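Visitor: The structure is given below, and queries will be raised subsequently.
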Amino acid sequence: MSDPDGPPHDLGRLIEVLDRHGVEYLMVGGVAAIGYGAERPTEDADCVVRRERANLNRLADALRELNARLRVGGMTDVEAQMLPVQIDGTTLDMASMSTWMTDAGPPLICSPVWRLRTATWCRTRSWPGERWCSGAMGS
Amino acid sequence: MRGYSEVMAAQPVMSAEELIERVRQAAPPTPDDVTILWDGRRLDSREAVMEWLTEVAAKRAEEAIGADVRS
């Protein structure tokens, strides 16, 4: 199901849209590890998002702007676009880890957590467009 | 090659612009990169997705009724 002809990964656009919609999130996983110096490949952008309905609604707004499509095993991206998926806070709240294809390229994997703990495990920097951490704990 | 454990205590080593460029030509996703539900089900087929969407619609309707009752 890999799509080598898909759009290049535009992580900058992903972050810009999430930030502009005021989504509370942290980039984790491979992207964060690379930012901290790990030499490892990644094929997606993992983020944890605060599992609070208003925040999930903001995430839904951002996903709709990115023309997000659910990524489904056994289906092409074109086929998945035809699914009657309504992207809203309810939909996002009912998956522990939702995987979306977007016009910005890489699959965006969103994991809702009750709380973003930023003291020890996560380091974020506040300048616009940068938000990653070396680990995230949710509860 | 440095793994997760070695970098956990480190500071970011590149700017956001450098990171974005590094990720730009990343590998395509693998077939197992799919949505996973709270009960562990994986949305790895059209049938699984349609079943889940029915549950989402029911939850949405339940929330709408709850909102009406509160208002």
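The values are calculated or read from the model by the stated rules, or taken from the named source; none is laboratory data. Here the structure is a predicted model, which means the values were calculated and not measured. Every residue, glycine as well, gets a Cβ built from its backbone with ideal geometry; the counts of neighbours run over all protein chains shown.
Visitor: Filtering the stretch A:74-99 down to residues that are over 17 Å from A:A62 (Cα atoms) and of a type in the set (V, I, T), which residue is surrounded by the most Cβ atoms within 10 Å (Cβ to Cβ)?
Guide: The extreme case among them is A:T76.
Visitor: For residues in the stretch B:44-71 being outside any helix (DSSP H, G or I) and at the interface with chain A (Cβ under 8 Å from one of its Cβ atoms), which is surrounded by the fewest Cβ atoms within 10 Å (Cβ to Cβ)? Working first, answer last.
Guide: Of all residues in the stretch B:44-71, those outside any helix (DSSP H, G or I) come to B:44-45, B:71.
Within this subset, residues satisfying the condition of being at the interface with chain A (Cβ under 8 Å from one of its Cβ atoms) are B:44-45.
Values: B:D44: 18, B:S45: 14.
In this case the residue turns out to be B:S45.
Visitor: Considering only the stretch A:6-55, state which residues are within 16 Å of A:A68 (Cα to Cα), part of a loop (DSSP other than H, G, I, E, B) and not acidic (D, E).
Guide: Within the stretch A:6-55, A:G6, A:P7, A:P8, A:H9, A:H21, A:V23 meet the criteria.
Visitor: In addition: Considering each of A:L26, A:L11 in turn, give the residue that is surrounded by 20 or more Cβ atoms within 10 Å (Cβ to Cβ), of a type outside the set (S, T, N, Q) and more than 7 Å from chain B (Cβ to nearest Cβ). Show your work before the answer.
Guide: Numbers: A:L11 fails: more than 7 Å from chain B (Cβ to nearest Cβ).
Exactly one of A:L26, A:L11 is surrounded by 20 or more Cβ atoms within 10 Å (Cβ to Cβ), of a type outside the set (S, T, N, Q) and more than 7 Å from chain B (Cβ to nearest Cβ), namely A:L26.
Visitor: Residues of the stretch A:59-90 being more than 16 Å from A:R20 (Cα to Cα) and of a type in the set (K, R), which ones?
Guide: Kept after step one, since they are more than 16 Å from A:R20 (Cα to Cα), are these residues of the stretch A:59-90: A:68-90.
The answer is A:R69, A:R71.
Visitor: Separate question: Select from the stretch A:59-109 the residues that are more than 16 Å from the chain's Cα centre (by Cα), within 15 Å of B:L37 (Cα to Cα) and in contact (Cβ under 8 Å) with a residue 60 or more places away in the chain and list them in ascending order.
Guide: Answer for the stretch A:59-109, where residues must be more than 16 Å from the chain's Cα centre (by Cα), within 15 Å of B:L37 (Cα to Cα) and in contact (Cβ under 8 Å) with a residue 60 or more places away in the chain: just A:G73.
Visitor: Does the stretch A:75-95 hold any residues that are closer than 15 Å to A:V49 by Cα and charged (D, E, K, R), and which are they? If you could, list the steps in order and put the result at the bottom.
Guide: So the first thing to find is which residues in the stretch A:75-95 are closer than 15 Å to A:V49 by Cα, and the list is A:88-95.
Result: A:D88, A:D93.
Visitor: Tell me the residue from A:V85, A:V72 that is β-branched (V, I, T), modelled with pLDDT of 90 or more and closer than 17 Å to B:E47 by Cβ, please. Explain how you work it out, then say what you get.
Guide: Details: A:V72 fails: modelled with pLDDT of 90 or more.
Testing whether each residue is β-branched (V, I, T), modelled with pLDDT of 90 or more and closer than 17 Å to B:E47 by Cβ leaves just A:V85.
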